[in-house]
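The values are calculated or read from the model by the stated rules, or taken from the named source; none is laboratory data. Since we're looking at a predicted model, the values are computed, not measured. We place every Cβ from the backbone using ideal geometry, glycine too, and count neighbours over all the protein chains shown. All accessible areas refer to the heavy atoms of the entire protein, side chains included, with ligands and DNA or RNA removed. Shrake-Rupley method; radii C 1.70, N 1.55, O 1.52, S 1.80 Å.
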Amino acid sequence: MARTSGRARMTAVASRRGTLAALRLVVAGALAAAGAHDAVAGFDAGRLWRISRPGVPDSYVLGTIHVADPRVSAIAPPVADALAKTRSLAMEIVPGPVFADELDGLETLENGARLEPLVGPDAYARLRVELMIQGLKEETIERLKPWAALLRITRPEAASDARSLDENLFVAARTRRMRVYSLEAAEERQASFDTIPVDTQVALLDRALSRRDSPLAVSEPAIDAWLRGDLRGLARLPAKAGEREPAMRVHYERLVRHIIRDRTALLHHRLFMPLRSGGVFVASGASHCQGSEGLLAMLLRDGYRVTRVW
């Protein structure tokens, strides 16, 4: 009887130990999840992050904003310091006329299709005037894809010598004789716009013609959010526009999915091998960095330590 009681006590102790072990696992899992949540929540604010892993030099990710505006284009001291510690600069697209010329050929409708039947005669007439003022010929305008026309009429005007932050980083990296490369090919960027449903392309173009703004253009609220390091506020701009205009909501959602989220996955894929060697400075649009589906969260899940430094 005593032996049976001893076995019972041992079984009970083992059971309690197993329960405690299970509880520890649950608590550890909860803490890990909380830590991951906190880290991801941290990706709602900031502009520059250090990407680190034992045994390799640190890399950095800078969330940029693609506009030639002196308020956002200067290389801040923390950025210059990080650039000096790296060996290569990885950009969405390396700036320069070669890419611009290549993209022109990718903006044209195929198989003889024309833009006017897609957008209607009234919208086309307004668009034609604007693009001819920019110097485009009639035969070029009538063959443009809707997204290409949208980009052209919402492109911010800048002084001929003005440079964006991306362009200034490119110049600085070349001066330092760093390796500079693109994470995305011209065809891939064009393909991301081509995947936007045509009705969404047309709706966004029509809105830009009538309202004189576009979620593709860098607006004052976007510049203000970037200057404050408010990534969440920056990412929320299309959704807020959809709240103001319910009829456009689905089009903004499609735009974010195809132009931000899908391209973020591509940028992450292209960085997989370079980051394993370290010493990479990544210049990516700030919208690609934010939230649990952003580039920084992806790198965190890859096992890197992601630390905000600016």
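Of the residues in the range 105-115, at least one is exposed (fewer than 13 other Cβ atoms within 10 Å of the Cβ) and of a type in the set (A, V, I, L, M). Residue selection: GLY279 fails the criterion of being loosely packed, with under 15 Cβ neighbours inside 10 Å and in contact (Cβ under 8 Å) with a residue 60 or more places away in the chain.
Within the range 239-262, restricting attention to residues that are small (Gly, Ala, Ser) and in contact (Cβ under 8 Å) with a residue 12 or more places away in the chain, the residue that is least open to solvent (accessible area, probe 1.4 Å) is ALA241.
Residues that are touching a strand residue (DSSP E or B) at 6+ places or on another chain (Cβ under 8 Å) and either in a helix (DSSP H, G or I) or small (Gly, Ala, Ser) (or both) within the range 230-259 comprise LEU231, ARG232, listed in sequence order. SER182 - would you say it is open to solvent by less than 60 Å² (accessible area, probe 1.4 Å), touching a strand residue (DSSP E or B) at 6+ places or on another chain (Cβ under 7 Å) and of a type in the set (Gly, Ala, Ser)? When the stated conditions are applied, SER182 passes them.
For SER210, the test of being closer than 14 Å to LEU150 by Cβ and not hydrophobic (A, V, I, L, M, F, W, C) is passed. Cβ-Cβ distances below 6 Å connect the following pairs, each with a first residue in the range 296-308 that is over 9 Å from ARG53 (Cα atoms), a second residue that is basic (Lys, Arg) and surrounded by 15 or more Cβ atoms within 10 Å (Cβ to Cβ), and a separation of six or more residues or different chains: THR307/ARG50.
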